[in-house]
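As structure tokens, the structure follows; a few thoughts come after it.
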Amino acid sequence: MAEFELKYTPQAEVQSIYDTLQRSFRKGVARPLGYRKHQLYRLARLLKENKEAILAAEHADLGKPAQECLVGEIGAMMDRSIKSAESLEEWSKPQNVEVPEWQKTWSPKVFSIPKGVVLIISPWNYPTTLSLQPLIGAIAAGCPAVLKPSEISSHHSALLAELIPKYLDPEAYAVVNGGIEETTRVLEFKWDHIFYTGNGRVARIIAAAAAKHLTPCNLELGGKSPVVIDPDSCDLKIAAKRILCGKTTNAGQICVCPDYVLIPRHAQDAFISALREAHDSFYPPSSGSPLDSPSFGSIINKVQYERLKDMKRRTKAELVLGGGEDEARRRFEPSVWRDVREGDSLLEMEIFGPFLPIVPVEDINEAIEYINDHPSPLVLYSFTTDPKVKQALLERTRSGNLVFNDVVQQLSVNELPFSGIGESGYGYQIMKYTYEAFSHLRASIDIPYAYEPFLAARYAPYTKEKTSIIAVASEMEVPESEWPVRGGEERKANGSANGNSH
Ligand code: NAD
């Protein structure tokens, strides 16, 4: 694995990269649509021609099974590079807007322009996807970009540093490698957008550094994504299978991993039986422990392994499945605990490992209360086919995504926006939404000189006659409206202003 040795980028080189990218932006190097398309196809080619090296790097970092990496990372990013290239013309074309008759001659338009030179900071758990997905958006939007991958997935970050300059134009795209100290220095530069994916603690550091330069950010974070099970209207066996699959993919190290289950108490035992059945079909007992299964990955490093071990050691809940571990290979068996109570170690923080706590509740209402008592999750999952339950979850909770009857699959839909809310972050991504994150909507009008007579009233001196012409703008009718207030009585709302102001 010597070719994957991670070297941190010296500070002088970072300065020179920054200067080069700034110059390129001013010269408009990355702006022509043909150039952007070419770079996106080159990125897809990078993935295609280096599949084996990427699989090897992800295996070295995470023990990630090839199947998971081929579908969720290499294939998905090739698809998104190519589809973004093909959608570019549509996304970037100036938009005409509908305006009142009197503004029609003003050519009102919205131009989508690149924000400038951008910084992408990515984490270790899906190093291909989480580095290249924002990079695809930056290229598509016409922004030169610096990618700072995670030092924790060191083999993969070393590989990116080798491949990106070979495939993409070094005048516009560069990889900078480093740890906290180096990243802190990179954050001192003035960027035109920062796209950070990682945890909420570091996100606050990123946002504070960005604020110094008024730099806008995407903060793509994680958190505890609950699964609400409605046993009266779902197929428990399929639910158990899908949840366990999400919990064991990448050994549970996914931002959208189903973190814990909320289920009516009376159905807990039946769900545990279904989980056992799913577990034994994934990892047949005759083949030994899941710790030895080639369909199961490792925990990224000792720090994360020890964090999970400590969580497991401190739980007061009853273990009902798994529990084994292998320190040398940093692996835990998929493990399930029942009757987990508030305050338990398994509910303290995002698990980010193959542990599943089951939290019994009385009913769906109590599940909703529980969710609302905690920070807004990245995803709310629910296994239910009852339209009333779906509606209640939609209307009475908040989360980045709302997914029914499966887990993780929302990430495969290219057309949906992906983002957190509250503690799970902000800023939308995936395909068009990533393009938009790196683009500025530049509103434009062009008022013909022939329009001059219609503007006469705005010029000083303000006479009574001119004021009476202008005053028409504030003389519109405000519709009567009614809304029942708490307590049942009707309240008339007719005092609100309905004009334009700046
Ligand atoms: P990490 O430790 O690799 O950190 C992410 C990046 O932040 C790295 O590039 C790292 O160098 C940089 N960094 C770390 N400390 C820093 C500091 N003090 N100052 C500046 N930069 C610093 O990854 P992580 O944070 O452990 O990633 C896991 C988290 O990311 C989980 O919470 C997960 O849910 C979340 N995540 C979110 C998404 C999403 O799209 N919403 C995707 C994947 C992961």
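For GLU415, indicate whether it is out of contact with any His (no Cβ under 8 Å at 6 or more places or on another chain), outside any strand (DSSP E or B) and within 14 Å of the ligand (Cβ to nearest atom). Spelling it out, it is not the case that GLU415 is out of contact with any His (no Cβ under 8 Å at 6 or more places or on another chain), outside any strand (DSSP E or B) and within 14 Å of the ligand (Cβ to nearest atom). Flag: SER107 does not match the condition of being within 30 Å of ALA210 (Cβ to Cβ), touching a residue at least 24 places away in the same chain (Cβ under 8 Å) and of a type in the set (Ser, Thr, Tyr). For residues that are acidic (Asp, Glu) and within 21 Å of GLY246 (Cα to Cα), scanning just the range 273-317, find the one that is surrounded by the most Cβ atoms within 10 Å (Cβ to Cβ). By that ranking, first place goes to GLU277. Could you check, for the range 284-303, whether at least one of its residues is of a type in the set (D, E, K, R), in the same structural domain as SER382 (by TED's automatic domain parsing) and farther than 24 Å from VAL407 by Cα? Yes, the conditions are met somewhere in the range 284-303. From the list ALA251, ALA270, the lone residue that is at pLDDT 95 or above and surrounded by fewer than 17 Cβ atoms within 10 Å (Cβ to Cβ) is ALA270. The one condition from (1) more than 21 Å from the chain's Cα centre (by Cα); (2) of a type in the set (A, V, I, L, M); (3) within 14 Å of the ligand (Cβ to nearest atom) that LEU163 does not meet is (3).
Kindly indicate whether ASP386 is away from the ligand (no atom under 16 Å from the Cβ), more than 26 Å from LEU319 (Cβ to Cβ) and either assigned by TED's automatic domain parsing to the domain that holds ARG398 or surrounded by fewer than 19 Cβ atoms within 10 Å (Cβ to Cβ) (or both).
yes
In the set (1) surrounded by fewer than 24 Cβ atoms within 10 Å (Cβ to Cβ); (2) touching a residue at least 40 places away in the same chain (Cβ under 8 Å); (3) part of a helix (DSSP H, G or I), THR128 fails one condition alone, (1).
In the range 152-160, is there at least one residue being without any contact (Cβ under 8 Å) to a residue 40 or more places away in the chain, in the same structural domain as SER16 (by TED's automatic domain parsing), near the ligand (Cβ under 9 Å from one of its atoms) and open to solvent by 10 Å² or more (accessible area, probe 1.4 Å)? Break it down into steps so the answer makes sense when it comes.
Applying the first criterion (without any contact (Cβ under 8 Å) to a residue 40 or more places away in the chain) to the range 152-160 yields 160.
Adding the requirement that they be in the same structural domain as SER16 (by TED's automatic domain parsing) leaves 160.
Going one step further and asking which of them are near the ligand (Cβ under 9 Å from one of its atoms), we end up with none.
No: the range 152-160 contains no residue that is without any contact (Cβ under 8 Å) to a residue 40 or more places away in the chain, in the same structural domain as SER16 (by TED's automatic domain parsing), near the ligand (Cβ under 9 Å from one of its atoms) and open to solvent by 10 Å² or more (accessible area, probe 1.4 Å).
Restricting attention to the range 23-43, does a residue exist that is out of contact with any Ser or Thr (no Cβ under 8 Å at 6 or more places or on another chain) and within 20 Å of SER154 (Cβ to Cβ)? No, there is no match, as no residue in the range 23-43 is out of contact with any Ser or Thr (no Cβ under 8 Å at 6 or more places or on another chain) and within 20 Å of SER154 (Cβ to Cβ).
The values are calculated or read from the model by the stated rules, or taken from the named source; none is laboratory data. For clarity, every value in this text was computed on a predicted model and none was experimentally measured. All Cβ positions, even for glycine, are placed from backbone atoms using ideal geometry, and neighbour counts span all protein chains on display. Areas reflect the complete protein model, heavy atoms only, side chains present, ligands, DNA and RNA absent. Shrake-Rupley method; radii C 1.70, N 1.55, O 1.52, S 1.80 Å.
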